[in-house]
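Following: one structure in structure tokens, then a few remarks.
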Amino acid sequence: MEGSLADVEGLALPKILSEVIATRPEELLWCVEKIAAAGGGAWLVGGAVRQGMIGKQPNDWDLAVDLEPEQMLEIFPNALATGVRYGTVTLRRGEYLFEATTLRGEGPYGDGRRPDSVSYSKSLAADLARRDFTFNAMAVDLVRELLHDPFEGRIDLANQRLRAVGDPVHRLGEDGLRIMRAYRFLDLGGGILCKPDLSLEKALVTKQYMIDNVSKERVWDEFRRILSGDSVGMIVRRMAGDGLLNRILPGSWHSAESCIAAQRHPCLNGIEVEARLALLLKESEYDSIEEGLRALKMSNAQIATTLTLRRRLGTTPLDQPAGILRRYRAVLGESMVTQLNIDRALANAFDDSREAEFDDFITRISDLPILTAGDKSLVDGLWLMDFTGMPQGRRLGRLKEWIHLLQVERDLGDISEIESLLCTLIWQHGDELSWPRLAWP
Ligand code: ATP
Ligand code: MG
């Protein structure tokens, strides 16, 4: 059983693609053959073909099928009706999930984001024509081993060119999300960078207002993916130059230094997106950043992390004595490594000679023994009330914080040392709000 034949010309699979396709799970072929046995056709589409063409392992194996969702659910009783409204069901076989979307033509786009109506179709050609970029509009017939590439996405890939399917002004005018996607696909991963062709480059500016039709969640989702890529510096500079960044996150975005730093910051530790964002926001007013991040509908945790990293940018106590290092380490805790990484990336953006300073600092702070009494305060409020005769209240609380700071800085190990310390502090008078506390910076 070979299944339906496409209404587009088929080419022999290029070698690189064929090698990646050979790694497809058997479960995928099982699904495709089941569809063929029912008289349907199924093609591998989207990211899997694009990545296969550059020799990258696909993230997911998505299918386009010419059977309608109801038929698919009959053939695959255990499939999930995940997006039946848009023609998508999720097939389950073994440990695998495959999204299968019915071929479709689309009605007009009334809201600037989604088509008003979708109609199922039997035409692969029509389905590929509604896709956004040429290298996303390729399909593979897995049984006959053919590549369908009516818009010559393979040639654009070879030339590292990002080109819209059809007229970019029209296509970006249909769906504003394609603008964010365009910037994302400038970096295809694996060191392959693209340039938009001239007409797309212009349309990205003239149709930029279309981004306002896209939900903030979707914008952030795409932006997040851009921030976690290897070429964040290049993409963000183009977004800033085109004026798009200011539209999605108002602020100051012209610092080449922070773009380079963001690009150099390693993507290793799980909060790289926040770290890079903090770097990119280096020039922006602190107060307006928070508002902007909230408008993007980032989670509270992401916002808090970004703001803290941003506030501490450039505060690494490089030449300070051990006491200050103890304080820095105690306050930053687990975020210290990330903070050090972004500070280092920023310091080195134009000037590698600062590597040594940071190496030196890292050696010093790694060699610093852990605190004798641990991170917690040796004394509690009751003890302090008893010792000083001070009543409960803000003043007592601030004195406790002051003592804790000195305990950390001087690495005090027992209560008798705290008692001697208290004899040297002037806590009986003065404004308690001016007393130092364990904080950074
Ligand atoms: P990745 O999975 O890495 O994000 P992808 O290309 O698979 O890349 P998806 O969002 O999974 O991206 O979409 C699958 C395919 O659907 C795309 O390759 C493209 O052909 C089409 N597509 C997705 N979003 C749009 C859109 N907004 N406009 C037109 N076509 C789209
Ligand atoms: Mg995909």
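Values in this text are rule-based calculations from the coordinates and carry no lab data. Bear in mind that the values here come from a model prediction, so they are computed numbers and not experimental data. Because the Cβ atoms are built from the backbone with ideal geometry, glycine has one as well, and the counts that use them run over all protein chains shown.
Residues of region 374-401 with an amide N closer than 15 Å to a point placed 7 Å from the Cα of Arg437 along the Cα-to-Cβ direction: 377, 381, 393-401.
Compactness of region 226-267 was expressed as the Cα radius of gyration divided by 2.2 N^0.38 Å, which yields 1.07.
In whole percent, what relative contact order does the chain give with Cα contacts below 8 Å and a gap of six or more residues?
Numbers: 687 pairs, mean separation 40.5, N = 441.
With pairs under 8 Å counted, the relative contact order is 9 percent.
Legend: calculated FRET efficiency, Tyr120 to Glu283, from the Cβ-Cβ distance at R0 = 51 Å, rounded to 0.05, equals 0.55. Computed on the Cα trace of the chain, the radius of gyration divided by the Kirkwood hydrodynamic radius gives Rg/Rh = 1.12. If I fit a long axis through the Cα atoms of helix 415-424 and take the longest principal axis of the Cα atoms of the chain, what angle between them do I get, 0 to 90°, rounded to 10? Tilt of helix 415-424: around 70 degrees. Placing +1 on the Cβ of every Lys and Arg and -1 on the Cβ of every Asp and Glu, with nothing else charged, gives region 385-427 a dipole about its Cα centre of roughly 340 debye.
Using DSSP to call loops (not H, G, I, E or B), can you name the GluC sites (Glu not before Pro) in region 272-315 whose Cβ has at most 14 other Cβ atoms within 10 angstrom? The partial results should precede the final answer.
Numbers: sites: Glu272, Glu274, Glu283, Glu285, Glu290, Glu291; in loops: Glu283, Glu285.
When the GluC sites (Glu not before Pro) of region 272-315 are filtered for loop state and at most 14 Cβ neighbours within 10 Å, Glu283, Glu285 remain.
For a footprinting-style exposure proxy, rank His265, His170, His429, His404 by other Cβ within 10 Å, fewest first. Walk me through the numbers on the way to the answer.
Numbers: His265 24, His170 12, His429 6, His404 20.
With the fewest neighbours first, His265, His170, His429, His404 line up as His429, His170, His404, His265.
Between region 215-269 and region 113-167, what is the C-alpha centre distance in whole Å? Cα centroid to Cα centroid, the span is 28 Å.
The gain in end-to-end length when the Thr372 to Ser215 segment is fully stretched comes to 51.4 nm, 0.36 nm per residue minus the alpha carbon separation. Using the Cβ-Cβ distance between Thr315 and Gln428 with R0 set to 25 Å, the FRET efficiency from 1/(1 + (r/R0)^6) comes to roughly 0.15. Tell me which GluC sites (Glu not before Pro) from region 44-104 have a DSSP coil assignment and no more than 12 other beta carbons within 10 Å of their own. Sites meeting the loop and neighbour criteria: Glu95.
So if R0 is 45 Å, what FRET efficiency would Lys297 and Glu419 give, r being the distance between their Cβ atoms, rounded to the nearest 0.05? Efficiency for this residue pair is about 0.30. Between Ser228 and Leu11, the simple spin-label model (points 7 angstrom out along Cα→Cβ) gives 3.2 nm.
In this Cβ point-charge picture (+1 for Lys and Arg, -1 for Asp and Glu), region 322-367 has a dipole of about 340 debye about its Cα centre.
Residues in region 113-130 carry Karplus couplings, in order, of 9, 10, x, 5, 8, 10, 10, 5, 9, 9, 9, 5, 4, 5, 5, 5, 5, 8 Hz; the curve used is 6.51 cos²θ - 1.76 cosθ + 1.60 with θ = phi - 60°, and Gly or Pro positions show x. Computed about the Cα centre, the dipole magnitude for the chain is approximately 660 debye when only Lys and Arg (+1) and Asp and Glu (-1) carry charge, each at its Cβ. Between Phe223, Leu245, Ala139, the Cα set farthest toward the positive side of the dipole of region 118-272 (charges on each charged residue's Cβ, about the Cα centre) is that of Leu245.
Given the -39500 (n - 2.57) contribution per DSSP H run of 4+ residues, what per-residue ellipticity at 222 nm results for the chain, rounded to the nearest 500 deg cm²/dmol? Could you put the intermediate results ahead of the total?
Values: 22 runs with 208 residues, N = 441.
Rounded to the nearest 500, the figure is -13500 deg cm²/dmol.
The mean sequence separation of alpha-carbon pairs under 8 Å and at least six residues apart, normalised by the residue count of region 11-153, gives a relative contact order of 23 percent.
Distance distribution note for region 11-153: the fraction of Cα pairs above 23 angstrom is 32%.
Each DSSP beta bridge with both residues in the chain is either parallel or antiparallel, and the antiparallel ones are about 85%.
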